Protein chains: 4
Amino acid sequence: MRKLEEIGRKERIRVGILGATGSVGQRFVTLLAEHPWFEITALTASDRSAGKRYSEATTWVQASPLPTRIAEMTLLPSAPPLDCPLVFSALDAAVAGEVEEAFARAGHLVVSNAGSHRMDPEVPLLVPEVNPDHLELARKQRFGSGAIVTNPNCSTIGVVLALKPLLDAFGLSRVHVVTMQAISGAGFPGVSSFEIVDNVIPYIQGEEEKIERESRKILGSLHNRRVKEAELAVSAQCNRVPVLDGHTACISVGLQRAAQPAQLQEAWERFSSLPQELALPTAPAKPVHYLHDEKAPQPRLHRELERGMAVAIGRLRPCSLLDFKFVALSHNTIRGAAGGALLAAELAVAKGLLDEVEARSGATA
Amino acid sequence: MRKLEEIGRKERIRVGILGATGSVGQRFVTLLAEHPWFEITALTASDRSAGKRYSEATTWVQASPLPTRIAEMTLLPSAPPLDCPLVFSALDAAVAGEVEEAFARAGHLVVSNAGSHRMDPEVPLLVPEVNPDHLELARKQRFGSGAIVTNPNCSTIGVVLALKPLLDAFGLSRVHVVTMQAISGAGFPGVSSFEIVDNVIPYIQGEEEKIERESRKILGSLHNRRVKEAELAVSAQCNRVPVLDGHTACISVGLQRAAQPAQLQEAWERFSSLPQELALPTAPAKPVHYLHDEKAPQPRLHRELERGMAVAIGRLRPCSLLDFKFVALSHNTIRGAAGGALLAAELAVAKGLLDEVEARSGATA
Amino acid sequence: MRKLEEIGRKERIRVGILGATGSVGQRFVTLLAEHPWFEITALTASDRSAGKRYSEATTWVQASPLPTRIAEMTLLPSAPPLDCPLVFSALDAAVAGEVEEAFARAGHLVVSNAGSHRMDPEVPLLVPEVNPDHLELARKQRFGSGAIVTNPNCSTIGVVLALKPLLDAFGLSRVHVVTMQAISGAGFPGVSSFEIVDNVIPYIQGEEEKIERESRKILGSLHNRRVKEAELAVSAQCNRVPVLDGHTACISVGLQRAAQPAQLQEAWERFSSLPQELALPTAPAKPVHYLHDEKAPQPRLHRELERGMAVAIGRLRPCSLLDFKFVALSHNTIRGAAGGALLAAELAVAKGLLDEVEARSGATA
Amino acid sequence: MRKLEEIGRKERIRVGILGATGSVGQRFVTLLAEHPWFEITALTASDRSAGKRYSEATTWVQASPLPTRIAEMTLLPSAPPLDCPLVFSALDAAVAGEVEEAFARAGHLVVSNAGSHRMDPEVPLLVPEVNPDHLELARKQRFGSGAIVTNPNCSTIGVVLALKPLLDAFGLSRVHVVTMQAISGAGFPGVSSFEIVDNVIPYIQGEEEKIERESRKILGSLHNRRVKEAELAVSAQCNRVPVLDGHTACISVGLQRAAQPAQLQEAWERFSSLPQELALPTAPAKPVHYLHDEKAPQPRLHRELERGMAVAIGRLRPCSLLDFKFVALSHNTIRGAAGGALLAAELAVAKGLLDEVEARSGATA
């Protein structure tokens, strides 16, 4: 793993978490608690909670204990400036857009898990193994001295990580996705238990559109500082199931070039990208694992693969409508949210974007 | 509802249940307990249980109480003859084939929920609203004086009931199905709780092939006492989810003639068939209901629709790959198993097949 | 079942539901939809929902469909008067106290499921089979021409129905209760799915105190229009478990007179009371059932016993600390809430309390 | 943590797992895979599975991956001798008694999780923090050159760990326990999903007797190589709930000396014993944690405390029948099974019992 000195730093980089009390905020806390490059120095919340101690204002629902140092931090309002060059946004969609822009204009590098800027043509929608080159978009944005980088929707990330090796090796024309999504994807309190015990809810507001739209941007190519969306027909159906963590997707694909099943498996197993090359701290050794057990992947058994950062794929077989069908699983609050955003931030740091922002904004390292 | 006299009978028809102790057997018991035409006079089980009282040999897992009269019946071995002209088979696939043939050759009308004879060209694979004419196949079979009629796989039934109105109105070319199936579909004890709590299992042995193959036979047309399979490309992916009863299917369809969403909804809502016309006791008033709530259908809320005999459909919307996508839900152990077989038996009785079998075998009512 | 004419009425009694959009309100709707004596003519909700159609303002989470006539009723604000002599209150504890008093003072008979007036010495805390004589309290209250009758907490009802036959037959000195309560007891949205899937929450705010306090009032005796609480040491521990409906209680009791297990079973099985004698429409034929299966009672299998109005008891055995231990199960939103309140209202009608209120308030029958 | 050299060994001790394919066997595999003192060199199974590769014969249901070295080991029959001085038994109760004796007589030290020898007066029933002195029993048994040490039932362990600090500080006279137990306690496949989803089963065969009986032995005192059982009235009621791992117990206790709540909390928090003093590899830093959150402990949040080896206690409050009541939680397949047995083995090694057995049996490392 790349050390702090190798990114030209002597001390850990101070970071803040915007909207730290929700379930994604809690995941950021958990993942950042022991991070080799980053140190949490600010936590923000809505005005109602600002001023309280973090442990008072949050209902901690993570299985790992809340670190004492964090528990005792006082929540700040979600407004700039904060005494840290880098902020992670776990804000609600309702307020994220404006607040994140304000932070960027105040000279912060904002790495956001919220939906507001994902489809903004100036903002990279980053899955570090899939489109690391899109980070370039963030070097010149309209947000003053700062910058905004976004992380896709939790269900999109697993899908594009499964598709990218196929796109590179065989070309892709059509994708049909049906998801079975975990309740943690709806945040906390999120889905009522009375709605989901012994049940499936075949509807998640806005989710299908996000998968269809975001995947074309992420898999698109960069030309003259603009993303040209992938020419890909994507149809998505999204369901909520009684699973705590881990989104499962049944995917059918139409390829542009004929291939044998073994070639697809090899494409997934061999897939490696810039985060692996740079040895970023949060990068999985292998972003995609193909599992040969006929009952795999399963959320409870495989969501923790590579600390929740890898996608598990299984059940590859021919599809009588498209070419192949298979099942992909990813951890929605790690790879699909906080962990994915953390990896994006690591890439931004390793590629010098944070240095640029700090230089422009005069913030001292 | 058609009365006993209207089918030319003074007394209720004696019926037996083969394999009565399993979960489908229990559903047969529940549904037959109050049936206006049929009266349970024989229950069979494996040799291990034969001779025991029913209540001793079964772990009753139905929410309605086990009727006392049935509880005290003595289990017989699963071998002909039984003192009843009609038998329902809830036998395990492993033994069903031979045992059902033996019962047919001994002069019984066998209505089977098992898989053994479903694809037999001489045996109707019956969904009474979808292919009632296929019943003709059973008038002349190789099984001596008796006859065999089969019920499709539990996940196939909901799919073909959803497809049939579309096939009739617009033609169908392609169908993509992803199911989320209830644990009761695996019988009892079936799926271990340790496998399915907080989990999805993306594999059910043989299930995808059954949907793909059976639906083409059911939707096929009868020519010269043979079924010509429907020319329909079907691709199925099957998952087990932590739901007690009710199979949910995300379906995408390609139509042969262009249609508006309102036309599809109307086709479903207007759909009615022979069981409705004949006012069969177990027939739903409307086999298919279209629900307009954006979160419908859901297994826990809608599986009991029309006493579990109707299919609930919702979320019709355009598909960017095929023409339309929607969600269909059906009760897997009622419509998809015991209730469906019961309706098939009612059709067979109403159309005179039982009379024929009784005449041939010399069994008197 | 006692008919409408037998209570001296020609037409069904008009009733309202206060707080009709919550989960208990929905249960009232379901149970009243087909009631032989009562007809829903008014539904109220918070100011935010008043003026909307019922179907728009509520998220219907019952497995039986919302009746169309009710779906289209317009919600009224929760303020008197309403054009109905009897109102059921499913109001939140936060507002119930004042609103219910206002309705009583405006001449309504209020039958409340809320906690506000339960321990009020002038108000009966009624479990119709257990303390029907307490209804007398409601004939003279401080609330003007109307009256208030209350229903206990959902977990208390099952406990006192299990205890009453023992109290009558053997005397009771000590009761130890540990409950495993369904999520529907917390209303809707209530418990977050993320809190309860694969989990137990060993805490329900205020619940243990309610069981301990309410059971002593209910099991107390009436002297000079005051309830003398039962001299009974009760210790309760309450847990939330991932069950939809049905509260299970592990109960240990110390008796005042020695008894054999068979005598306790007989006391439960023989128990019958005024609601059974009066053949009230919602009364179970037998309020308590003793089940001999060693795995009974279980919420999913036995909560619907007698349409959810009976308590199921099982596993009676000696206790090495007190005298006996056993398990009791009751349906928390039927017997423990809406059904219990409905039965209390039926008793109040049958015993003339509604007539008195109508006479006093000049409301016409 | 005590190193290998500190127990006088240069190489890791070879160990076998009897009954390695079940769920407790899998936990042993997981916990031993990285153990500093022990190395798995033999895995056994029933005759049906012997000869197969481990990965073929087991349905791996652990969230951590099956180590490749173990996956490829060939299963041996469950009969002595094995080429390892120490064996862990995860055998079924039906066969454990005889097989374990045979292994002991063949010169092995057997540390068993099965029930067969727990109440044997010559065999220690060991919870290393609670009754480490009972290990002495194993130095002279009737089993030839070997020895047998047992681990209590999974629900007993959490209870006695919670009681021991109270017994030491205040004396104990009466204990009332109601458990809510995880499905993993029933092994694999164990509880059918159809029995436990949306349900509670208020019965676990033999479990209540085990808690009542085993806790008196464990908390008893050693006199002249015999255990004098604790004079303690214990009443237990056991329930199965839809939780994957973690047994929750609602406990009420009667003390012999008056105490304040803060003193009980302090007794738990300060509790430390021989495994902590010896720094055994699997010992938790603190065997008991008192949690002050009013909703704690919860299985999903706290079962992993100290890698599943600590008991979490919360909700201490006065009991109106006994003196105090509280909730205790422990991980049933780690502390309550494989982890507990592992700690017992570590104690046996650290105290020289394995050396003795090896000396007697002439097996040299």
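The values are calculated or read from the model by the stated rules, or taken from the named source; none is laboratory data. Bear in mind that the values here come from a model prediction, so they are computed numbers and not experimental data. Cβ atoms come from the backbone with ideal geometry, glycine included; neighbour counts cover every protein chain shown. Heads up: the accessible areas ignore ligands, DNA and RNA and are worked out on the full protein's heavy atoms, side chains in. Shrake-Rupley method; radii C 1.70, N 1.55, O 1.52, S 1.80 Å.
Here are the numbers:
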read-out: Nearest-0.05 FRET efficiency for A:Ala258 and A:Asp293, computed from C-beta distance (R0 35 Å); value: 0.85
read-out: Segment C:252-364 - Kirkwood radius from inverse mean 1/r over Cα pairs (Å); value: 15.9 Å
read-out: Shortest-first distances to equivalent copies, position C:Gly362, nm, label 7 Å out along Cβ; value: 8.0, 8.8, 11.1
read-out: Sparse-neighbourhood loop sites, GluC sites (Glu not before Pro) in segment C:246-307 - DSSP loop, at most 16 other Cβ within 10 angstrom; value: C:Glu294
read-out: Proportion of all alpha-carbon pairs of chain A beyond 37 Å (%); value: 15 percent
read-out: Drop in accessible area of at least 30 Å² in the complex versus isolated chain, residues of segment D:283-320, 1.4 Å probe; value: D:Glu294, D:Lys295, D:Gln298, D:Arg300, D:Leu301, D:Arg315, D:Arg317, D:Ser320
read-out: Inter-copy separations for D:Glu136, label at 7 Å along Cα-Cβ, nm, ascending; value: 6.9, 7.9, 9.1
read-out: Threshold 40 Å², segment C:219-256 residues less accessible with all protein chains present than alone (1.4 Å probe); value: C:Ser235, C:Gln237, C:Pro242, C:Leu244, C:Cys250
read-out: Beta bridge orientation in chain B: antiparallel %, DSSP, nearest 5; value: 45 percent
read-out: Neighbouring partner chain Cβ atoms per residue of B:56-63, average, 10 Å criterion; value: 3
read-out: Convex hull projection area averaged over all views, the protein assembly as shown, Cα basis, nm²; value: 55.7 nm²
read-out: Solvent-accessible surface (1.4 angstrom probe) belonging to B:Ser361, in square angstrom, nearest 10; value: 40 Å²
read-out: Cα centre as origin, Lys/Arg/Asp/Glu Cβ charges: chain D dipole, Debye; value: 300 debye
read-out: 19 Å Cα-Cα threshold exceeded, pairs from B:Lys210/B:Lys325; C:Lys164/C:Lys325; B:Lys140/B:Lys164; C:Lys217/C:Lys351; C:Lys325/D:Lys164; B:Lys286/C:Lys52; value: B:Lys210/B:Lys325; B:Lys140/B:Lys164; C:Lys217/C:Lys351; C:Lys325/D:Lys164; B:Lys286/C:Lys52
read-out: Interface area, A with D, accessible, probe 1.4 Å, both sides summed, Å² nearest 100; value: 900 Å²
read-out: Ratio of Rg to Rh over segment D:1-124 (Cα coordinates, Kirkwood Rh, two decimals); value: 0.96
read-out: Across the identical copies, how the A:Arg9 labels are spaced - nm, sorted shortest first, 7 Å along Cα→Cβ; value: 4.3, 7.3, 7.9
read-out: Percentage relative contact order, chain B, counting C-alpha pairs under 8 Å, at least six apart; value: 18 percent
read-out: R0 of 25 Å, Cβ-Cβ distance B:Ala233-B:Glu266: FRET efficiency to nearest 0.05; value: 0.45
read-out: Axis proximity, chain D to A: residue whose C-beta lies nearest, plus whole-Å distance; value: D:Asp198, 2
read-out: Placed amide H near A:Ser192: partners under 5 Å, 5+ positions off or other chain; value: C:Ser193
read-out: Rg over Rh, two decimals, segment D:47-205 (C-alpha only, Kirkwood Rh); value: 1.01
read-out: Residues whose placed amide H lies under 5 Å from that of A:Ser89, excluding near-sequence neighbours; value: A:Leu18, A:Val111, A:Ser112, A:Asn113
read-out: Average accessible area per residue (Å²) across segment A:176-263 - probe 1.4 Å, nucleic acids and ligands excluded; value: 33 Å²
read-out: Those residues of segment A:189-206 for which accessible area with every protein chain present is at least 40 Å² below the isolated value (1.4 Å probe); value: A:Ser192, A:Ser193, A:Phe194, A:Glu195, A:Val197, A:Asp198, A:Asn199, A:Val200, A:Pro202, A:Tyr203
read-out: The protein assembly as shown: antiparallel DSSP beta bridges as a percent of all, rounded to 5; value: 45 percent
read-out: Positive-end residue of C:Trp60, C:Leu32, C:Pro80, charge dipole of segment C:22-83 with Cβ unit charges; value: C:Trp60
read-out: Karplus-derived 3J(HN,Hα), 6.51/-1.76/1.60, for each residue of segment A:231-237, Hz, glycine and proline x; value: 8, 8, 8, 10, 10, 10, 10
read-out: DSSP-defined antiparallel bridges as percent of all bridges, segment C:232-328, nearest 5; value: 75 percent
read-out: Charge tally in the Cβ shell below 14 Å around D:Arg105, where Lys, Arg are +1 and Asp, Glu are -1, D:Arg105 excluded; value: -2
read-out: Rounded percent of accessible protein surface that carbon and sulfur make up, chain C, 1.4 Å probe; value: 48 percent
read-out: For chain B, calculated [θ]222 nm from helices alone, where every DSSP H run of n ≥ 4 adds -39500 (n - 2.57); value: -8000 deg cm²/dmol
read-out: Amide H within-cut-off set for B:Ile204, under 5 Å, with H built and near neighbours excluded; value: B:Cys238
read-out: Net charge dipole size for the protein assembly as shown [Lys, Arg +1 and Asp, Glu -1 on Cβ; Debye, nearest 20]; value: 0 debye
